[in-house]
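See below for the structure under consideration.
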Amino acid sequence: ELIGTFVGNSLKQVIVPEGITYLDTAFFINKIEKYIIKANINEIGMSAFMNNELKEVIIPDSVEIIENTAFAGNPIEKITIGSGVTEIKSLAFSNNGAAHISNYRAQNFLKEVFIPNNVTNIELGVFMTATPDVIIRTERTKEDFLTNVTAHKGSYRWYGDAQVIDCNGEKIYD
């Protein structure tokens, strides 16, 4: 486990070695632009990479859960979610723009996200600051998605203002 290990340093790159299965606040508030996970991590914990400088996020297939605010506050342009992910918790990729800018919506960098078939639970505000030009795609049909994925649609709906598109190109939410 790596819990709070490297908080508040000026790390630019991180390689997570074999043998680590869980990250929690491990690299919170750094300047990380790139990370490589060589380990068989099952869970990326709360705020693990929050408030860094990540432009691309690649979640390995071994990961099952992405915890609250795991990648929040990064200028992320591209997210690849591994096929093993089943849960994406609250605010996991929120405030995508910059951690130091007060108007996050004006600074959204994210363009497209792909949600794999195994994801069955998406909590509130995961992509809360996503703008209408962001496309979130899923392998599922609209009916399958609405029936089999528990997704928060309340005041902090999981997709922000993004368009959620099914495997046939149909919008899931109007």
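Computed 3J(HN,Hα) for the stretch 122-132, one whole-Hz value per residue from the Karplus formula 6.51 cos²θ - 1.76 cosθ + 1.60 where θ = phi - 60°, is 10, 8, 5, x, 3, 10, 3, 9, 5, 8, x, glycine and proline marked x. Rounded to whole numbers, the Karplus 3J(HN,Hα) couplings from phi for the stretch 34-51 are 8, 9, 10, 10, 8, 7, 8, 6, 8, 9, 9, x, 3, 6, 3, 10, 5, 6 Hz, using 6.51 cos²θ - 1.76 cosθ + 1.60 with θ = phi - 60°, and x at Gly and Pro. Kindly state, to the nearest 0.05, the FRET efficiency for THR21 paired with THR80, given R0 = 25 Å and r defined as their beta-carbon distance. The value I calculate is 0.75. Shape class for the chain: oblate, because the ratio a/c of the largest to smallest gyration tensor axis (alpha-carbon atoms, square roots of eigenvalues) is 1.5 or more and b/c is at least a/b.
If the elastic network links every pair of Cα atoms under 10 Å, which of ILE81, ILE66, ILE15 fluctuates the most in the Gaussian network model of the chain? The residue that fluctuates most here is ILE15. Rounded to the nearest 500, the helix-only mean residue ellipticity at 222 nm of the chain stands at -1000 deg cm²/dmol, with each DSSP H run of n ≥ 4 adding -39,500 (n - 2.57). For the stretch 38-174, the per residue solvent-accessible surface stands at 44 Å², with DNA, RNA and ligands left out and a 1.4 Å probe. Of the solvent-accessible surface of the stretch 1-42, computed with a 1.4 Å probe and all protein chains present, 51% belongs to carbon and sulfur.
The values are calculated or read from the model by the stated rules, or taken from the named source; none is laboratory data. Note that the structure is a prediction, hence the values are computed from the model and not measured. Using ideal geometry, Cβ is built from the backbone for each residue, glycine included, and neighbour counts are taken over all protein chains shown. Each accessible area value is taken on the protein alone, full model and side chains, heavy atoms only, with ligands, DNA and RNA left out. Shrake-Rupley method; radii C 1.70, N 1.55, O 1.52, S 1.80 Å.
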